[in-house]
Amino acid sequence: MVNKRGNFGSKLGAVLASAGSAVGLGNVWRFPTEVGNNGGAAFIFVYLICIAVIGIPVMMSEFLIGRHTHTNTISAFAKLAPGKWWRIEGIAGVFVAFLILSYYIVISGWTLFYLIESLCGQLQGLQTTDLCALSARLGAKASDNGAQAADYTQVFNDFVSNPWLPVLMGAAFMGLTHLIIARGVQSGIEKSSKVMMPMLLFIIGILVVCSFGMPGSSEGLRFLLKPDFSKITADVILSAVGQAFFSLSLAMGCLCTYASYFRSDTKLPKTAAGVAIIDTFVAILSGFIIFPAVFSVEEVSVDAGPGLVFITLPNVFNIAFSHLPWLGYIFSGFFYLLLLLAALTSAISLHESVTAYVLEAFSVSRRKAAAAVSIACMTLGVACSLSFGVWSDLTLFGMNIFELFDFTASKIILPIGGIIICLFTGWYLDRKLVESELTNGGTLRFRLFRLYYFIIRYVAPLAIAAVFVQELLS
Ligand code: PHE
C-alpha cells in the first residue's frame with residue numbers, strides 16, 4: 001500500500017501523528033488560560049460540546065479531502081475542484097501554516113529556554129549555581145540578587161527582549177523540527193510521534209499526581225469540576241469554539257496533509273474521534289496539573305493570561321515547593337519538557353504542511369524542500385522574536401509583528417478557512433464521494449453520516465461564522 005510519496009506505516013502511527021499535531025501549546029498553555037479567564041468548569045462543559053459537535057465533523061472533512069486526493073493541501077483542492085476558486089482554501093491553509101510556524105517557534109524557543117533554566121535550578125529561587133553559569137550568563141540577569149530577585153515578570157521580560165537569546169532558542173527548536181521533517185513521513189514524523197506522544201502522556205500522569213498532592217489543591221479541583229452554569233455567556237461559547245478549532249489544528253492544512261499519508265483502510269471517523277479524545281484528555285489533564293498547583297498558592301491568580309505558564313507557574317513552583325525544592329525541580333523540569341514535546345509535534349505538522357507543498361510543486365528533494373521552508377520560516381521567526389525587544393516599536397494597526405501574525409492567522413484566515421472547508425465538503429463535493437470516503441468505499445458502517453452531513457452543511461459553518469464576527473468586533 002505504500003505509494004511513492006510515503007504513507008504512515010500503521011493506523012496507530014496515523015492517530016499518534018495527528019494527535020501530535022493537535023496536542024500542542026494550545027492544550028498546555030492556551031486551554032488553561034481560557035479556562036481561567038472564562039470561569040472554570042462551565043467553560044469546560046461548553047468546550048466538550050464544541051469538540052463533539054463541531055470539531056470532530058470538521059476534522060473528518062479535512063481527513064477525507066486529504067485522503068481522497070493523496071496530495072498536498074493546495075493540490076488537493078485544485079484536484080477536487082479544477083479551475084474553481086475553492087483552491088484558494090488550499091493556498092490559505094499552507095500559507096497560514098507557514099505564518100503560524102514562524103511565531104510558534106518563538107514561543108517554543110521560550111519553552112526550550114525555560115526547560116534549560118529549570119533543569120539548571122534557575123527557576124527555583126533563581127539561584128545561580130556553578131553548573132548553570134552559562135545559562136545564568138545567557139539570560140537571568142536578576143539571578144544574582146538572591147531571594148528578592150524572585151521577580152519572574154522581570155526575568156521573563158529581560159529574556160524575551162534580549163535581541164539574540166530567544167532567537168538562538170527558536171533556531172535550536174527549528175533545527176530539531178527540521179531534522180525530523182527531513183527524515184520523511186515514516187522514519188521522521190511517524191517514528192518521532194510514536195516516541196514523543198507516549199512520553200508526553202507519561203509526563204502528564206506524573207505531573208497530575210504531583211499536583212494533586214499539593215496542599216489546597218482541592219480548591220483547584222472544585223474550580224475545574226463544579227460548573228456554575230450562570231457563567232455561560234455568548235462570549236464563553238464563542239471562546240470555546242475558537243479554542244476547539246485551534247486545539248484540534250483545524251483549517252491549516254496540517255490534518256489534510258497528514259490524511260494524505262493515511263492508508264486506504266484507515267477509518268476516518270474513528271481516527272478523528274481518537275485524535276479529538278486524546279487532545280481533549282491532554283487539555284483537561286493540563287488543567288488538572290495547573291489549577292490545583294495555582295490554587296495551592298494564594299499569591300497568584302488563575303486568570304493571569306498568557307503569562308500563566310512563563311511567569312505565574314515558576315512563581316507557583318517556587319512558593320509551593322519552598323520546603324521541598326527538589327520536588328519543585330522535578331515538577332518544573334517535567335512541565336517544560338511536556339510543553340516542549342507538545343510544541344515539537346505540532347511544529348512538525350505545520351512544517352510538513354508547507355514542505356509537502358514545496359516538495360511536490362517544485363519537484364525537489366525532501367531535504368531541499370525542508371531546508372527552504374526552515375530557512376524562510378526562521379527568517380520570519382527572527383522578526384517575530386525581535387518584536388518583543390528591539391523592534392517592539394514597529395507596529396501596524398497597533399500590533400507588533402508577532403501580534404500581527406497571530407491576529408492574521410488565528411482570527412482571520414483560520415475561521416474563514418474553517419467555513420470554506422465546511423461549505424466545500426457539505427455543498428460542493430458530491431455527497432456520494434464524501435460518504436464513500438468516510439466509509440472506505442462502503443466497507444464500513446458509519447451510522448451517524450446523516451448527522452455529520454447536517455452539521456457540516458449548516459451547524460458548523462454558522463457557528464464558526466458567529467465566532468468570526470464576534471472576534472472581529474471584540
Ligand atoms: N493544535 C495545536 C495546539 O494545540 C496548534 C497548532 C495549530 C498545531 C496549527 C498545528 C497547526 O497547540
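Observations
- Any hit, segment 315-328, residues being of a type in the set (Phe, Trp, Tyr) and either within 16 Å of the ligand (Cβ to nearest atom) or at pLDDT 80 or above (or both): yes
- Look at segment 207-236: where a residue is part of a helix (DSSP H, G or I) and a partner is open to solvent by less than 40 Å² (accessible area, probe 1.4 Å) and among the aromatic types (Phe, Trp, Tyr), sitting 6+ places away or on another chain with Cβ atoms under 6 Å, you get Val208/Phe288; Cys210/Phe331; Gly220/Phe291; Phe223/Phe291; Leu224/Phe291; Val236/Phe43.
- Arg30 falls short on exactly one of the conditions (1) part of a helix (DSSP H, G or I); (2) open to solvent by less than 10 Å² (accessible area, probe 1.4 Å), and that condition is (2).
- Among the residues of segment 86-101, those identified as more than 12 Å from the ligand (Cβ to nearest atom) and open to solvent by less than 20 Å² (accessible area, probe 1.4 Å) are Glu89, Gly90.
- Failed condition for Thr280, given (1) open to solvent by less than 10 Å² (accessible area, probe 1.4 Å); (2) within 20 Å of the chain's Cα centre (by Cα): (1)
- Of the helices (runs of 4 or more DSSP H) that lie entirely inside segment 342-423, those containing 2 or more residues that are out of contact with any strand residue (DSSP E or B) (no Cβ under 6 Å at 6 or more places or on another chain), of a type in the set (D, E, K, R) and in contact (Cβ under 8 Å) with a residue 40 or more places away in the chain span 366-386.
- Phe8 fulfils the conditions (1) modelled with pLDDT under 95; (2) open to solvent by 10 Å² or more (accessible area, probe 1.4 Å); (3) farther than 29 Å from Val208 by Cα except for a single criterion, (2).
- Residue that is nearest to Tyr357 (Cα to Cα) [pool: residues in segment 250-270 that are away from the ligand (no atom under 16 Å from the Cβ) and open to solvent by less than 10 Å² (accessible area, probe 1.4 Å)]: Phe262
- Val195 vs. criteria farther than 30 Å from Ile416 by Cβ, open to solvent by 10 Å² or more (accessible area, probe 1.4 Å) and within 22 Å of the chain's Cα centre (by Cα): yes
The values are calculated or read from the model by the stated rules, or taken from the named source; none is laboratory data. Only a predicted model underlies this, so the values are computations on that prediction, with no experimental measurement involved. Positions of Cβ are generated from backbone atoms using ideal geometry, with glycine treated the same way; all protein chains shown enter the neighbour counts. Heads up: the accessible areas ignore ligands, DNA and RNA and are worked out on the full protein's heavy atoms, side chains in. Shrake-Rupley method; radii C 1.70, N 1.55, O 1.52, S 1.80 Å.
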